[in-house]
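A short worksheet on the structure shown next.
The values are calculated or read from the model by the stated rules, or taken from the named source; none is laboratory data. These figures come from a predicted structure and were not determined experimentally. Reconstructed Cβ throughout: ideal geometry from the backbone, glycine too, with neighbour counts over all protein chains shown.
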Amino acid sequence: MTLHRPALALFAALLLPACVDLGAHEPPINAPPLAEPAFSHDSGFHATDINVALSHADPTVAVYYTLDGSEPDPANVKGTTYRYKLQYPQQPGDPFGAFHEQTFQSLRYKHRIPVTDHSREPDRIARISTTHHSDEPYYVTPLAALSASEQRINGLIDPVNRGLNALNRSWPEGPGIQLPTIAQRPQARLLKGTVIRAMAVKKGGARSTVATATYFVMPRDTFKLPVVSLVVQEDLLFGHDKGIMVAGKAFDDFRRQHPGHIVRGGNAPANWHARGDDTPAHFQFFSDTDQPEKASMDQRIGVRVHGGFSRANPSKSLRLYARKRYGKNKFQHPVFGEDYNHKKLILRNSGNDFQKTMFKDAAAQAVVQRLNIETQGYQPAVTFINGEYWGILNVREHFDVDFFSEKYGIPEKDIELVENNAVIEGDPAHWKQVMTFFEKSDLRREASYQQAASLIDIDSFIDHQIANIFMGNVDWPHNNVKAWRYRGDSAQYTSKGVLDGRWRWLQFDADLALTMPANENLAGALNPRGTRDLDGVEWSTLLLRKLMENPDFKARFINRFADLLNTVFDPQRTSAVIRRLQDRIRPEMPRHLERWKVPATLGEWEQEVQKMQAFVQQRPAIQRAQLMGQFGLKGTYRLTVSLPDATQGSIRVSSLQTRELAERAGNDGMWTGTYFAGVPLELEAVAKPCYAFKRWHGIGATQATTRITASQSLSVRAEFEPVCAP
């Protein structure tokens with residue numbers, strides 16, 4: 001079956017010339033590059049229909065163009081057909097599914113190209129299965145609107161399918177029997193733009209690079225988010241033989257070889273696991289704030305599928321590459337408000353959270369963004385592929401040597417990166433030295449502890465541990481752990497900061513966090529078998545277990561946990577973070593859910609968000625109880641601190657500076673936090689010029705830096721006195 005938009009068929013009938021292969025001759029050696037064709041209208045949003053003219057400075061060239069996302073080719077005016085499938089044999093006994101065909105073709109330009117809103121036309125790529133699931137509803141778009149009776153039937157089928165899917169997912173992976181489900185269909189066609197790709201071809205064989213434009217004939221405020229247009233030749237994404245976003249031939253071959261194997265998730269062989277070169281694409285980014293009707297980024301790129309288990313999700317995560325061979329080797333727009341560029345970006349499907357909230361990892365990282373760990377920028381975006389609505393994908397930063405090189409202005413060769421105990425960039429010798437040292441050293445000895453602090457940034461390590469323990473990240477620490485260090489000459493930097501050669505930790509992929517308030521991650525983080533009771537993961541908890549041998553580290557860890565429970569993890573703050581991110585994507589969720597049907601309704605999506613809200617409300621009290629139980633603590637006490645006059649001085653409570661205390665202080669300038677009885681807590685007062693610290697009221701201390709070990713609530717105030725005229 002070959003599908004064309006009506007507009008494509010019309011153009012093919014009226015404008016298609018006899019096929020002439022202008023590429024039979026190579027261009028002359030050292031010939032200047034041929035310029036791209038020019039478009040009469042800029043990419044972007046237009047209020048009314050337009051007629052786009054293509055032109056070229058050289059009147060002797062022929063211009064070829066496409067409307068289906070394929071790269072123009074004078075040898076493809078008759079079209080190229082590729083095959084795809086609507087169904088795969090996910091479970092034993094499932095049918096392999098029939099092959100369907102679709103054609104992409106090039107047209108020779110002769111007349112202006114009419115551009116209109118194509119949203120009423122049949123969906124072209126939404127019909128193609130992008131997973132190996134045999135029971136999902138997202139890719140079988142009807143060619144006509146569903147009748148009322150069909151809609152009622154779908155409504156009855158929906159809860160049945162969800163129950164069957166839940167039961168099927170409960171089976172262990174391996175040979176077995178799965179219960180069949182009934183596919184449903186989206187009830188509305190998707191929004192569509194128009195993509196025009198054009199190339200100039202000169203007699204003798206010279207060709208220009210491909211120019212690409214995307215047009216949306218609709219108001220820009222149709223979308224409250226940034227918009228991404230990704231343009232890729234269809235067979236390279238969706239073709240059964242080599243498409244990187246489908247299960248494809250690789251999965252069918254696997255099923256034939258393993259007819260009785262039950263498959264769940266993205267671990268089975270499939271086209272989306274293909275390794276090799278990038279898939280060429282074109283990327284445009286339309287900001288929602290900076291000239292939103294025009295493209296802020298517009299460049300040729302390479303694309304690969306990104307992620308692990310979540311590759312089986314119908315909407316894939318995609319890694320975008322800016323390379324010199326594509327024209328620009330960087331993405332040069334502050335997508336996240338940053339002041340550095342990127343060589344890679346991710347269009348992320350929210351990983352294991354795809355069927356729930358679409359922003360759980362983003363929320364987790366937003367909560368801990370101010371900690372001593374690297375976090376990834378986040379910008380949700382409405383995505384179109386070849387002009388067809390694809391749904392929300394989250395633009396994210398990608399942690400690799402390019403990221404650190406661009407952010408900190410250091411050579412890539414001087415960056416080392418470790419993931420899950422394996423060095424993935426740089427020399428593994430230093431990380432092996434770290435692990436060997438921790439395994440063999442007695443960290444109760446002060447000299448050994450100081451040596452440990454010279455190898456890793458203790459503050460970064462503690463914050464990484466606390467963040468994932470508090471958030472109940474069950475896919476950690478045996479997985480999703482990364483650390484980096486600068487291995488170059490730090491002496492050249494006046495303020496070494498993160499360039500001091502020590503290992504520091506990164507936060508990413510917390511899709512399985514913020515779910516179970518009673519999660520026991522603290523106990524798991526101190527267990528050689530980790531949080532999931534696994535074999536062979538002793539390395540994942542080694543550092544924390546060994547550091548806990550040192551009493552000073554234990555107190556530092558407990559107090560830092562208390563600091564963060566009092567501030568960063570305060571329910572009022574965390575709830576506001578979740579609510580802000582929810583409100584950001586809420587206007588787009590009805591369309592996204594119509595596209596993917598997971599969750600099934602907006603109400604179910606809101607219920608998933610509410611689970612996160614319940615977690616952050618309940619978790620602090622549970623976490624304090626777990627800390628007391630794990631470390632044998634005898635209770636808590638309330639510490640109230642009077643904030644000083646900012647002109648006289650500042651204070652520090654444990655790791656919290658005056659600024660952090662002020663954010664959670666009352667109108668009376670008093671801050672109150674909860675700390676653990678019997679754990680020494682450090683206070684520090686720092687006087688401003690012309691002032692001197694005098695005493696700590698409430699504890700009788702006269703030293704600017706002092707320690708208290710309390711078991712009952714108390715109030716303190718730092719007194720400063722003038723010593724000179726300001």
Residues in the range 613-656 that are of a type in the set (A, V, I, L, M) and free of Cβ contacts under 8 Å to residues at least 60 places away in the same chain total 5
Out of 641, 609, 616, 577, which single residue is hydrophobic (A, V, I, L, M, F, W, C) and assigned by TED's automatic domain parsing to the domain that holds residue 685? 641
Looking at 679, 716, can you tell me which residue is assigned to a loop (DSSP other than H, G, I, E, B) and crowded, with 18+ Cβ neighbours inside 10 Å? 679
Count, please, the residues in the range 528-550 that happen to be part of a helix (DSSP H, G or I) and touching a residue at least 40 places away in the same chain (Cβ under 8 Å). 8
Of everything in the range 589-610, what is assigned to a helix (DSSP H, G or I), over 17 Å from residue 314 (Cα atoms) and in contact with a Leu (Cβ under 8 Å, 6 or more places away or on another chain)? Give them in sequence order. 590, 602, 605
Pair list, Cβ < 7 Å and 6+ apart or interchain, from the range 577-597 residues that are polar (S, T, N, Q) to residues that are at pLDDT 95 or above: 582/609
Is it the case that some residue within the range 628-639 is more than 19 Å from residue 570 (Cα to Cα) and either among the hydrophobic types (A, V, I, L, M, F, W, C) or touching a Lys or Arg at 6+ places or on another chain (Cβ under 7 Å) (or both)? yes
Just a yes or no: is a residue in the range 564-583 in a helix (DSSP H, G or I) and closer than 20 Å to residue 698 by Cβ? yes
Yes or no: residue 583 in the same structural domain as residue 573 (by TED's automatic domain parsing) and exposed (fewer than 14 other Cβ atoms within 10 Å of the Cβ)? yes
If you go through the range 677-685 one residue at a time, do you hit one that is within 15 Å of residue 555 (Cβ to Cβ), outside the structural domain of residue 556 (by TED's automatic domain parsing) and among the charged types (D, E, K, R)? yes
In the range 86-114, residues that are buried (at least 17 other Cβ atoms within 10 Å of the Cβ) and closer than 17 Å to residue 72 by Cβ total 8
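The rows are residues; the columns are (1) part of a loop (DSSP other than H, G, I, E, B); (2) modelled with pLDDT of 95 or more; (3) in contact with an Asp or Glu (Cβ under 8 Å, 6 or more places away or on another chain).
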| site | (1), (2), (3) |
| --- | --- |
| 161 | no, no, yes |
| 166 | no, no, no |
| 171 | yes, no, no |
| 183 | yes, no, yes |
| 188 | yes, no, yes |
| 196 | no, yes, no |
| 200 | no, yes, yes |
| 209 | yes, yes, yes |
| 213 | no, yes, yes |
Just wondering, is there one or more residues in the range 398-415 that are buried (at least 21 other Cβ atoms within 10 Å of the Cβ), among the small types (Gly, Ala, Ser) and either in contact with a strand residue (DSSP E or B) (Cβ under 9 Å, 6 or more places away or on another chain) or not assigned by TED's automatic domain parsing to the domain that holds residue 466 (or both)? no
